[in-house]
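Read through the structure below, which is laid out as structure tokens, and then see the notes.
Taken together, the values in this text are just the output of simple stated rules run on the coordinates, not laboratory data. Remember, it's a predicted structure, so these values are computed and weren't measured experimentally. All Cβ positions, even for glycine, are placed from backbone atoms using ideal geometry, and neighbour counts span all protein chains on display.
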């Protein structure tokens with residue numbers, strides 16, 4: 001039986017069944033001291049390793065790599081772990097909460113307050129390339145810019161906010177990413193007016209389908225295939241208006257007839 005049903009549970013897993021693809025580096029003294037602390041606690045790691053299942057009963061570390069390295073140093077047979085969903089969002093969340101990666105915000109849509117907070121964090125980092133940059137000035141200039149369609153940071157130096165090309169500009173990628181919204185598809189042109197008595201089944205279908213997909217006048221609740229079949233096969237020779245359609249039980253009531261008049265005539 002697979003452990004996929006155990007997602008979210010605290011599990012005591014064999015260390016031999018856990019692998020890590022990420023290189024972890026820390027001072028030998030720190031890892032040795034952590035391993036000794038684990039041994040002193042009876043071999044129990046009170047902070048669990050976060051893993052995902054990659055095969056039946058085979059796991060990969062996704063977060064808390066320091067705990068995993070310390071457990072190895074302590075030569076544990078089993079280590080306490082939490083199994084999480086293997087999707088990218090869950091893994092990213094675990095790494096952010098463990099402070100293994102920095103959270104990032106979308107610069108296309110972030111508020112001024114969020115931009116300012118991210119810049120202050122970045123400037124405060126040891127060895128930051130943005131030392132001396134005024135975070136308030138940068139946040140104000142970026143927030144006021146037309147940045148919804150930015151696909152890179154190249155516009156920022158033109159704002160004359162103190163961030164120039166090179167290390168300063170490149171450092172922004174530590175806390176910001178760009179994901180411009182996908183443009184909405186161009187609206188479909190409305191079909192031309194056609195005589196409903198001479199219209200083919202396909203011509204009737206395409207016009208009803210247009211109203212349905214564009215969600216016009218409630219036509220999204222109409223089944224275009226069924227309505228087209230019923231209207232096409234109906235006896236229309238004596239029709240003097242489109243009003244008889246409302247009696248065909250095809251989902252088109254009198255309120256929708258007015259909309260049909262924009263694409264059908266007699």
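Where q = 0.17, 0.23, 0.25 Å⁻¹, what log10 of I(q)/I(0) comes from the Debye formula for the range 125-216, counting one point per Cα? Evaluating at q = 0.17, 0.23, 0.25 Å⁻¹ gives log10 I(q)/I(0) of -0.78, -1.17, -1.30. For the chain, what does the helix formula give at 222 nm: sum of -39500 (n - 2.57) over DSSP H segments with n ≥ 4, over the residue count, nearest 500 deg cm²/dmol? Rounded to the nearest 500, it is -10000 deg cm²/dmol. Annotation for residue 158 and residue 262: the two label points, set 7 Å from Cα along the Cα-Cβ direction, are 3.8 nm apart.
Taking Cα atoms only, the orientation of helix 88-97 departs from the longest principal axis of the chain by about 40 degrees.
I'd like the FRET efficiency for residue 151 and residue 87, computed as 1/(1 + (r/R0)^6) with the beta carbon distance as r and R0 of 30 Å, rounded to 0.05. My answer for the efficiency is 0.70. Give me the angle, in degrees from 0 to 90, between the Cα long axis of helix 135-144 and the longest principal axis of the Cα atoms of the chain, rounded to the nearest 10. The angle comes out near 10 degrees. Seen against the Cα atoms of the chain and their longest principal axis, helix 28-40 is set at about 90 degrees.
Taken over the C-alpha atoms, the range 1-138 has Rg and Dmax values of 18.6, 58 angstrom. Rg and Dmax, both from the Cα atoms of the range 105-177 and both in Å, are 10.8, 32.
Available extension along the chain between residue 101 and residue 60 is 13.0 nm, counting 0.36 nm per residue and deducting the alpha carbon span. Note on the chain: Cα-only Rg and Dmax are 31.3, 95 Å. Computed over the Cα atoms of the range 1-75, the ratio of the radius of gyration to the Kirkwood radius (Rg/Rh) comes to 0.98.
Look at the Cα gyration tensor of the range 53-202: its axes a ≥ b ≥ c give a/c of at least 1.5 with a/b at or below b/c, and that counts as oblate. In whole angstrom, how far apart do the alpha carbon centroids of the range 173-204 and the range 31-106 sit? Between the Cα centre of the range 173-204 and that of the range 31-106, the gap is 48 Å. Placing dummy labels 7 Å off each Cα toward the beta-carbon, the span from residue 143 to residue 167 is 2.9 nm. As a ratio to 2.2 N^0.38 Å, the alpha-carbon radius of gyration for the range 194-265 is 0.96.
Each Cα pair under 8 Å and six or more residues apart adds its sequence gap; the mean of these over the residue count of the range 194-265 is a relative contact order of 35 percent.
Averaging the sequence gap over all C-alpha pairs within less than 8 Å and six or more residues apart, then dividing by the number of residues, gives the chain a relative contact order of 13 percent. Note on residue 40/residue 6: beta-carbon distance plugged into 1/(1 + (r/R0)^6) with R0 of 30 Å gives a FRET efficiency of 0.55. Using the Cβ-Cβ distance between residue 29 and residue 113 with R0 set to 41 Å, the FRET efficiency from 1/(1 + (r/R0)^6) comes to roughly 0.50.
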